[in-house]
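The values are calculated or read from the model by the stated rules, or taken from the named source; none is laboratory data. Because the structure is predicted, anything quoted here is derived from the model rather than measured. Every residue, glycine as well, gets a Cβ built from its backbone with ideal geometry; the counts of neighbours run over all protein chains shown.
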Amino acid sequence: METHDDRPYRETSRVDELYDALETAVRGLPEERQDAFLKELDTMLEDELRKAITRSKLTAYALGKKSGVAPEVIARFMSGERDLRLKTASKLADALKLELKRKTPRRKRES
């Protein structure tokens with residue numbers, strides 16, 4: 001299926017939407033700060049995903065069947081041998097039924 005702008009259709013997850021919003025938000029920063037911010041965010045999300053996988057007590061094989069991600073990829077990610085692409089992380093998060101929530105309340109804007 002093609003979209004109106006001729007790009008292939010791909011369902012997006014809440015993780016994809018978050019990254020898009022964050023990339024838009026950091027555009028005003030100097031480029032080196034943007035890269036550092038997004039790298040730190042990647043690290044934080046990967047750490048949280050590893051914790052969630054560990055808590056689930058699913059084997060790489062079981063999680064792979066549930067998510068459509070190769071068990072070898074999951075095992076290498078869990079051992080720290082590789083990072084995940086956003087699409088792969090989204091599949092794992094969806095299979096684990098993870099929700100993205102703010103850890104701290106949003107600050108009120110001053111009028």
**Report entry** Matching option when the condition is at positive phi and loosely packed, with under 12 Cβ neighbours inside 10 Å, among LYS57, LYS39
**Finding:** LYS57
Report summary line: Within the stretch 60-91, of all residues that are outside any helix (DSSP H, G or I) and basic (Lys, Arg), the one surrounded by the most Cβ atoms within 10 Å (Cβ to Cβ) is ARG82
Report summary line: Contact list, first residue from the stretch 60-89 and on the phi > 0 side of the Ramachandran plot, second anywhere and surrounded by 14 or more Cβ atoms within 10 Å (Cβ to Cβ) and at pLDDT 90 or above, beta-carbon distance below 7 Å, six or more apart or interchain, is GLY68/LYS91
Requested in this report: May I ask you to list pairs of residues, at least six apart or on different chains, whose Cβ atoms are under 6 Å apart, with the first in the stretch 24-52 being modelled with pLDDT of 80 or more and the second being not small (Gly, Ala, Ser)?
Outcome: GLN34/VAL26; PHE37/VAL26; ALA52/LEU96; ALA52/LEU98
